[in-house]
Amino acid sequence: MGILDFLTGEFIDVIHWVDDTRDTMVWRFEREDHEIKYGAKLTVREGQAAVFVHEGQLADVFTPGLYMLETNNMPILTTLQHWDHGFKSPFKSEIYYVNTTRFNDLKWGTKNPIMLRDPEFGPTRIRAYGTYTVRVTNPGRFLTEIVGTDGEFTMDEISFQVRNIIVQEFSRVVAGSGIPVLDMAANTGDLGKLVATAISEVVAEYGLEIPEFYIENISLPPAVEEALDKRTSMGLAGDLGKFTQYSAAEAMTAAARNPAGGGGMGAGLGMGMGMAVAQNMAHSGPWGAAPAAQPAPPPPPPAEHVWHIAEGGKTKGPFSKAALGRMAADGSLTRETHVWTAGLDGWKLAEDVTELAQLFTVLPPPPPGA
């Protein structure tokens, strides 16, 4: 072996990248004037890909493995360089290492409320947030479409764009799903799959994929949540008159037990209760008899349900009860038709729902001349 061959062997390039960060997606191998010796050793570890860019053109992409950079290992670069098989001099190319592992626990959320039409509440707004993971599946496309000439590209530089895509597709899928807001919490898994499918079609153009997508919470505006809480509290209270009397009695008992600590508050509460009792006696009949009870106002009409119909593995609706009555008359709704509305425990036959069974019992009289 000659001295020239020995020196050539001593100075063979070793190209590799060890990532000690958690957010680096692309890292460029730095070399003065981007000069790489012919026959250099290229190491690509698991979870990486090496992309060669020669004179601004995407050349070869190397998957995990150990490579000797020669003409037989770089077919595209060899064509671009117009090398002969005996060519041994250094060449100038840029090498970008692309991280192909998953980037986990990334956050997404709706910056502004999403408008949708709910079958029960009408037009309303919701907010949502969750997590997702992202991974590079096409290093060459990702480099040309997103990274460009950036020497060190991190997840933070693209997370804002990915979040915008997620929110856009989430808004479109949720608004067109027809799922009532109160039932969305029970269907977050199905919604997540629909949204992930829609997102994947968009991010694939960037060389990315979304392996996992989760919806952690879907919430209503504070005013709507407060109204729902009041509605729930009224249902739990039952008889509001008895509930008010019970609350007043509890307050008087608490004030009597703490005359010193309550001070003027306890005395004032007692006076207020006494005045209330006196007013009740003043409005009572002779000899303290209670006045004739006033007729109670009629209760509010019950909220009309909206119904969904299952036919041939597809869901139709929502329909009002009047619409179902017309469908029962023309035969498009039968006793064996599966129906569902908010509050039902799954799909049921129309004849098993008390509210709809009467549609099949009221039959018209026989026509004249029959």
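The values are calculated or read from the model by the stated rules, or taken from the named source; none is laboratory data. Here the structure is a predicted model, which is why all the values come from computation and not from measurement. Heads up, the Cβs are rebuilt from the backbone with ideal geometry, glycines too, and the neighbour counts pull from every protein chain shown.
Data table
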{"item": "Verdict on residue 141 being in a helix (DSSP H, G or I), among the basic types (Lys, Arg) and either in contact (Cβ under 8 Å) with a residue 60 or more places away in the chain or at positive phi (or both)", "result": "yes"}
{"item": "Unique residue being under 18 Å from residue 110 (Cα atoms), part of a strand (DSSP E or B), among the β-branched types (Val, Ile, Thr) and assigned by TED's automatic domain parsing to the domain that holds residue 143 when the list is 218, 199", "result": "218"}
{"item": "Close pairs (7 angstrom Cβ cut-off, 6 or more residues apart or separate chains): of a type in the set (Asp, Glu) in segment 45-57, in a loop (DSSP other than H, G, I, E, B) and surrounded by fewer than 22 Cβ atoms within 10 Å (Cβ to Cβ) anywhere", "result": "46/64"}
{"item": "Selection from segment 1-18 of residues that are among the acidic types (Asp, Glu) and at pLDDT 85 or above", "result": "none"}
{"item": "Selection within segment 144-158 - among the hydroxyl-bearing types (Ser, Thr, Tyr) and either surrounded by 15 or more Cβ atoms within 10 Å (Cβ to Cβ) or part of a strand (DSSP E or B) (or both)", "result": "144, 154"}
{"item": "Only listed residue being of a type in the set (D, E, K, R) and out of contact with any strand residue (DSSP E or B) (no Cβ under 9 Å at 6 or more places or on another chain), chosen from 157, 152, 169", "result": "169"}
{"item": "Residue in segment 110-124 that is over 30 Å from residue 306 (Cβ atoms), of a type in the set (Ser, Thr, Tyr) and surrounded by fewer than 18 Cβ atoms within 10 Å (Cβ to Cβ) present", "result": "no"}
{"item": "Positions within segment 121-151 being farther than 21 Å from residue 106 by Cβ and within 15 Å of the chain's Cα centre (by Cα), in sequence order", "result": "125, 126"}
{"item": "Complete set of residues in segment 180-196 that are of a type outside the set (Gly, Ala, Ser) and assigned to a helix (DSSP H, G or I)", "result": "181, 182, 183, 184, 187, 188, 190, 191, 193, 194, 195"}
{"item": "Options 261, 268: the member that is at pLDDT below 55 and under 52 Å from the mean Cα position of the chain (by Cα)", "result": "261"}
